[in-house]
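The values are calculated or read from the model by the stated rules, or taken from the named source; none is laboratory data. Keep in mind the model is a prediction, meaning the values are calculated, not measured. In this analysis, Cβ positions are derived from the backbone assuming ideal geometry, glycine residues included, and neighbour counts consider all displayed protein chains. Only protein heavy atoms, including side chains, enter the accessible area calculation; ligands, DNA and RNA are left aside. Shrake-Rupley method; radii C 1.70, N 1.55, O 1.52, S 1.80 Å.
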Amino acid sequence: MEFMHVTVLLREAVDGLNIRPDGVYVDGTAGGGGHSAEILSRLGNGSLYSIDQDPDAIAAVTERFRDDPRSHIVEGNFGDMKQLLNDRGVLHVNGVLLDIGVSSHQLDDGSRGFSYHEDAPLDMRMSQRGMSAADLVNTLEVGELSRIISLYGEEKYAYSIAKGIVRSRAEKPIKTTLELAEIVKENVPQKVRRDGHPARKTFQAIRIAVNRELDVLESGLQGAFELLDKGGRLSVITFHSLEDRIVKQFMRDKAQGCTCPKDFPVCVCGKKPQVKIITRKPILPSAEELESNPRARSAKLRICEKL
């Protein structure tokens, strides 16, 4: 299947990088290369490093930018961004863009096991390596399953769903997406089934756990910050509240100056702001973008600049 991904907040995210034609930039979540292409269109003799852990994405962007010497394709996890670039002799960059979460291709390719709409092996691995969703749902104890579904899916009926999973796997292993979706449906109240697909939150939670998405986001943000040169920009798109909360808090913490009590006559902590927040409120998709791409409805863009 051809790697197709509808790029969200394309111009807004790239505008936020304030690109210099001779600068060095990182697209930490390359996907199909939409943001990378826009960055390259604004570069002169600069360089772009496009990172992705999905072999399908790597194949797509390698082909797409094969004739552009400014483009450097890196297979790996953006959480390891600093090491990946240092290994290639890149110690400082002028901007980093992160488009967090699952891609359109991963959702639309039923065989990848991300979707509760199509029957497929229960996979959900972005890297196509390591522990799968099937491994997770068939081995974790009920308490840990409930914790994951509650924390990462913000699912009110997490414990009931977890118990249903454990009961079902005692009879036979849970191997497919539709098997899991049906178990979720059977273990939530009837009223929940009328409010969107009842498996949406559980699938989100399991996907996040399988890919360690929140841990990766935290390490990726710190790696990006350490790579950024003075005046460099970090532009981050998130798609749900857990991600946005992490990004918002990260930028706030880096923007925090003196923490001494207000009655101290002089600062003794020595803490100075390390970034300037460019977006006091997140940038949201326009009505036009939402009309053409409903999946963008939960997207939020936050931008900061290193001081």
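Residue check, R245 against (1) touching a residue at least 24 places away in the same chain (Cβ under 8 Å); (2) under 28 Å from V6 (Cβ atoms); (3) open to solvent by 30 Å² or more (accessible area, probe 1.4 Å); (4) assigned to a helix (DSSP H, G or I), all met but one. Which one?
Just one mismatch for R245, condition (1).
Checking the condition within 27 Å of I208 (Cα to Cα), in contact (Cβ under 8 Å) with a residue 40 or more places away in the chain and either part of a loop (DSSP other than H, G, I, E, B) or open to solvent by less than 20 Å² (accessible area, probe 1.4 Å) (or both), which residue from Y49, Y25 passes?
Y25
If I ask for residues that are open to solvent by 70 Å² or more (accessible area, probe 1.4 Å), assigned to a helix (DSSP H, G or I) and either in contact with a helix residue (DSSP H, G or I) (Cβ under 8 Å, 6 or more places away or on another chain) or over 16 Å from Y116 (Cα atoms) (or both), which ones from segment 168-199 would you list?
A170, E171, K185, E186, Q190, K191, R193
Can you name the number of the only condition in (1) within 21 Å of L97 (Cβ to Cβ); (2) assigned to a loop (DSSP other than H, G, I, E, B); (3) open to solvent by 60 Å² or more (accessible area, probe 1.4 Å); (4) in contact with a Lys or Arg (Cβ under 9 Å, 6 or more places away or on another chain) that R280 fails?
Looking at each condition in turn, R280 falls short on (4).
Pick from segment 60-70 the residues that are surrounded by 15 or more Cβ atoms within 10 Å (Cβ to Cβ) and not β-branched (V, I, T): which of them is nearest to R20 (Cα to Cα)?
Residue satisfying both the conditions and the ranking: R70.
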